[in-house]
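J.: Pasting in a structure now, in structure tokens, and then I'll have a few things to ask.
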Amino acid sequence: MTTGANGRGNRLRATGRWLALAASVALVLPWWMIPVPLASFSPLVAACSALATWTVGFIVLLGVPVLVLVLLSPKWFCRYACPVGLLLELQGKLRPKTPLRWLRWPFICRWLALLTLGGACAGYPLFVWLDPLAIFNGFFSAWRTPLTVTSVCAGLALPVALLVDLLLPKVWCARICPLGGLQELLVLAGRRARQLLRHEHPDHNHPARLGRRIFLVTCIGAAAGALTRSVRGQMPPLRPPGALDETRFTGVCIRCGSCTRVCPTRILRPDMGEHGLARLLAPVVKFTEGYCRENCNRCGQACPSGAITRLSLAEKRLRVIGPAAVDLDLCLLANGQECTTCIRACPYEAIVMEETAGGLSAKPVVDLKKCTGCGACELSCPTTPRPAIFVLPKPGVLKPS
Amino acid sequence: MNTHMTRRKLFHILSAAGLGPAFASRVVADESGKGSKGKEQTLGSMLQSTSVENRPRHPAFIRDGKVIQPERPLPVFQETDVLVVGGGAAGWAAAVSAARAGAKTMIVERYGCFGGLWTGGIVLVVISTHTMENGQMTQVVRGIGGELLDRHAKFDNAIVNRGEAKFNPTTDPEATMFIMDEMIQEAKVKTIFHCWATDVIMDGGAVRGVVFDSKAGRQAILAKVVVDTTGDGDIFAAAGAEHEQRLHAMGLVHRLGNVDRADLAALKKAGYKTLGAIEPQPSVRWVNLRGPTANGLDINELTRLQFEHRRAIWERVQKMSKTPGGEQLFLLQTAPQIGVRTTRLLAGTHQLTYKESREPRKFPDTVAVGGAQNGKHAGWPIPYGVLLPKKLDGLLTAGRSISMDDKLVEDGRLIGACLTTGHAAGAAAAVAAKDGCRPRDVSIPKVQKLLREQGAYLG
């Protein structure tokens, strides 16, 4: 290969990477709220999603082109597409050159990738949240939620990666990133396959022991995944409409924050471990500022991992976040006051006034055939310190009327 | 001698009326205490004042099986700039505002006090005086209504739940009536109580005044602008303005006495979750009653529910007073006025919708701002168009009959909104009367300026 061609190749590669970075940033800018499942382009996310949900849908198929490219060209994603990689590299150019002290470190990233895939088989992909597209997305998503410790933590992965890279140049990409690890595993697998095809003996780097180790680590991942799934708080939180059932949701969610980024009413917030460690940073629904709009299905459109199902508007309107329940001790109407706030706020006319005490008083009653748990009632309820009407975390599906 | 004669004469008359013994004791007691002369004269003049009325009579008669009321001239009781019909929260605020703006103002009220359902209906809580936005509380009932609430604070036990971070101020009805009297008299509004406006005086497409009935017979009042604050839209309906009619729950409020002597915990155990809503007097609670959906314009319905509710309340309190812990409770009163929530709604030049109120939509002709029902949302601007009939001239409405959709009725009928829309209608009527124009041609900036000068909040 001539230097000229090589130079042209480098230029092409640089242009591609810049374009990928620009496109990624444009797609995840918090105020644009484009419902795009960016992280689905990562084969790691796609593979974990397929393994954990046992479904192959739109988002899993998004990962296939990159997977093919990665199989054809070793570490293609790192070299041509990864926006985090480019950011780290740019940072590296600003910093004086230092010796790479970590070169003798083991390839942690491969084991992370295996543990994650193993965990995915058990329904909880352990380290998928370290995926570069997930942390990239998470950083931008954090800007949508009000500034709290939680929102800072949710966006912290990318700054941490940058910091790690500052202290130990290039270690993130080469030793930590599980997507890099997955690509390396694919390279190894390809080499082994070629050796087998040519009937060559495996070289000393790839004895049969490695296969056993891979199997073992995957099993450990599966066990750890299963274990993590079982460790959580008592009361599950409210999940976005169309979320997988609670046991699978926490595992499949890659904590990229895409749903919180595109939610127009900002009711989706990252969980700060109030509901157990396994649920950390997964999106929870809070009706403090808004309610789930009847003409919105963005969270499902934006979810790259399939934790929130992609639904049409009509399908989404039938998805129940949870049924609304009334605490009659707190309810103003039930205590003889003039209040119809929730009844009027309900966009589905699912709350009706029922006469009590022989018509002398009344109380609000929720029609569970209509209630989607959108939270409009909870948002509007004027009682303090907690609303008298609130959504319970029992998701379901309504029958179409 | 003379004394004896008069007393005997009095006894004769009183016993004929079956009231002899009651009055006898008083007269005797008064006589023994003071000199008898003054008392005697009072009693004498009381009797003599029953003079024979000398007004023209035009009784109805039956012709061809139909009851015919003959055509006849009506005496004009008074001519005025602004005539307010109905002295509820809205009408009272309208009258005070118009009079303060310098218009010759008159108010007609069918009962003997101001405040309507607030005082006469014992609905003591002033809902929607404030809004809540981003944790920020804003008072929207300012101006005339705000001054009224502020004046309560000068008295002990006249208002509760008022001030910092508190919603739904609740007043003592006697205090409210007293302060309303005071403010209307200070503003020099010509008031006639115990008069019921029954018809309108039309001049082409415009209302020129109303006909009212009273103990003094049927008379007329002529006005440049009429403000219909009857609540039921009696005046605009009589004038043929386009309107809608709604049914709503109709209840009757009552008050419990000796609440401070009741054992609330024991009553709670017996199933009485709450004894009612607090009011300034610590020993008294007012108890709301929702009631069935009914037509507030149907006199048979009104009568039936009056009977039914009074019986239900009596039985409830009887039962409570026989419950352990509730022995000391007693029924202090049932409200003089039955609780009609909604009847007629004007079809105004703008019909304000619930959706607009929650956006909330801004209007160039905002004349008032509605508050939050029980306090948890942003204020909603109220445009002048909700007070103004589509075609009818010479009239504005305010209070619970303004032009709004069904969902917004729940906000628009509340006392807070009545005070602010009433204030707006009064100010607009005064400007129209002063400028000699129709309410529909009134200069909105002028009205808004006047409202601001009178302390109103327009956002």
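Since every read-out is calculated from the coordinates, none of them should be taken as a lab result. Model, not experiment: these values are computed from the prediction. FYI the Cβ positions are ideal-geometry reconstructions off the backbone, even for glycines, and counts take in every protein chain you see.
J.: Taking every pair of alpha-carbon atoms in region B:270-317, what share in percent sits in each 5 Å bin, from 0 to the bin with the longest distance?
T.: 5, 16, 22, 20, 17, 13, 7, 1
J.: List the DSSP H helices in chain B whose Cα atoms stretch 27 Å or more along the helix axis and whose mean Kyte-Doolittle hydropathy is at least -0.5.
T.: Helices passing the filter in chain B: B:415-435.
J.: Does chain B classify as rounded, prolate or oblate by the C-alpha gyration tensor (a ≥ b ≥ c root eigenvalues; a/c under 1.5 gives rounded; else a/b over b/c gives prolate, otherwise oblate)?
T.: Verdict is oblate for chain B.
J.: Beta carbons within 10 angstrom, averaged per residue: use that to sort the peptides A:113-124, A:276-287, A:219-230, A:348-359, highest first.
T.: A:113-124, A:276-287, A:219-230, A:348-359
J.: How compact is region A:1-118 by the rule of thumb for globular proteins, expressed as Cα Rg over 2.2 N^0.38 Å?
T.: 1.25
J.: Next question. Could you calculate the FRET efficiency of A:R198 with A:L167 from 1/(1 + (r/R0)^6), where r is the beta carbon distance between them and R0 is 41 Å, rounded to 0.05?
T.: 0.45
J.: While we're on this one: For the protein assembly as shown, what is the mean residue ellipticity at 222 nm derived from helices alone (per DSSP H run of n ≥ 4: -39500 (n - 2.57); sum divided by total residues; nearest 500 deg cm²/dmol)?
T.: -12000 deg cm²/dmol
J.: Could you tell me the largest-minus-smallest coordinate of the C-alpha atoms of region A:82-141 on each of the three principal axes, in descending order and whole angstroms?
T.: Sorted from largest, the Cα extents of region A:82-141 read 44, 34, 13 Å.
J.: Still on this structure, I have one more. Once you keep just the Cα pairs under 8 angstrom separated by 6 or more residues, what percentage relative contact order results for chain A?
T.: Relative contact order here is 17 percent.
J.: Under a Cβ-Cβ cut-off of 13 Å, what is the net charge of the residues other than B:D172 that fall near it, where Lys and Arg count +1 and Asp and Glu count -1?
T.: Net of charged neighbours comes to +2.
J.: Considering Cα pairs under 8 angstrom that are at least six residues apart, work out the relative contact order of chain B and quote it in whole percent.
T.: 20
J.: If you add up the charges near A:A174, with Lys and Arg at +1 and Asp and Glu at -1, over every other residue whose beta carbon is less than 15 angstrom from its beta carbon, what do you get?
T.: Neighbour charge sum, excluding A:A174 itself: +4.
J.: Let me ask another. Counting other Cβ atoms within 10 Å of each Cβ, which trypsin sites (Lys or Arg not before Pro) in region A:292-372 have at most 13 and sit in a DSSP loop?
T.: Passing sites in region A:292-372 are A:K369.
J.: Can you give the % of DSSP beta bridges in the protein assembly as shown that are antiparallel, to the nearest 5?
T.: 75
J.: Just list whichever of A:K286/B:K355; A:K369/B:K269; A:K370/B:K166 have alpha carbons separated by over 32 Å in the model shown.
T.: Pairs exceeding the cut-off: A:K369/B:K269; A:K370/B:K166.
J.: Turning to a different aspect of this structure: Determine the distance separating the Cα centre of region A:240-258 from the Cα centre of region A:66-111; give it in Å without decimals.
T.: So the separation of the two Cα centres works out to 29 Å.
J.: Another question about this same structure. Cα axis of helix A:178-197 to longest principal axis of chain A: angle in degrees, 0 to 90, nearest 10?
T.: Once rounded, one gets 50 degrees.
J.: Ok, one more. I'd like the orientation of helix A:157-167 relative to chain A: the angle between its Cα long axis and the longest Cα principal axis, in ° from 0 to 90, rounded to 10.
T.: Orientation of helix A:157-167: about 30 degrees from the principal axis.
J.: Next question, about the same structure. What's the exposure ranking of B:D441, B:D393, going from fewest to most Cβ atoms within 10 Å?
T.: B:D441, B:D393
J.: What is the projected area of the convex hull of the Cα atoms of chain A, averaged over all directions, in nm²?
T.: That works out to 23.5 nm², a quarter of the Cα hull's surface.
J.: Check each of the GluC sites (Glu not before Pro) in region B:259-354 and keep only those in coil by DSSP with at most 16 other C-beta atoms within 10 angstrom; list them in order.
T.: Filter output for region B:259-354: B:E327.
J.: More than 16 Å apart: what percent of Cα pairs in region B:249-340 qualify?
T.: Everything past 16 Å amounts to 54 percent.
J.: Relative contact order for region B:249-340 using alpha-carbon pairs under 8 Å, separation at least 6, rounded to a whole percent?
T.: 48
J.: Could you go through region B:263-277 in sequence order and give the Karplus-derived ³J(HN,Hα) for each residue, using 6.51 cos²θ - 1.76 cosθ + 1.60 with θ = phi - 60°, rounded to whole Hz, and x for Gly and Pro?
T.: 8, 4, 5, 5, 5, 5, 4, 7, x, 8, 4, 9, 8, x, 8
J.: Also, I was wondering about something else. Please compute the Kirkwood hydrodynamic radius over region B:130-278, one decimal place, Å, based on all pairs of different Cα atoms.
T.: 19.9
J.: Taking H placed 1.01 Å from N in the peptide plane, check which residues at least 5 places from B:H248 or on another chain put their amide H under 5 Å from its amide H.
T.: B:A294, B:G296, B:T342
J.: Take the Cα of A:A314, step 7 Å along the line toward its Cβ, and report every residue of region A:374-401 whose backbone nitrogen sits under 12 Å from that point.
T.: Zone members listed by number: A:400-401.
J.: How tilted is helix A:83-94 with respect to the longest principal axis of chain A? Cα atoms for both, answer in degrees (0 to 90, nearest 10).
T.: Approximately 60 degrees, to the nearest ten.
J.: Sort largest first and round to whole Å: the equivalent ellipsoid semi-axes of the protein assembly as shown, each the square root of five times a Cα gyration tensor eigenvalue.
T.: 78, 30, 22
J.: Compute the separation of the alpha-carbon centres of region B:342-407 and region B:159-235 and state it in Å as a whole number.
T.: Going from one Cα centre to the other spans 20 Å.
J.: What ranking do A:164-174, B:210-220, A:36-46 get when scored by the average of other Cβ atoms within 10 Å per residue, highest first?
T.: Put in order of decreasing packing, that is A:36-46, A:164-174, B:210-220.
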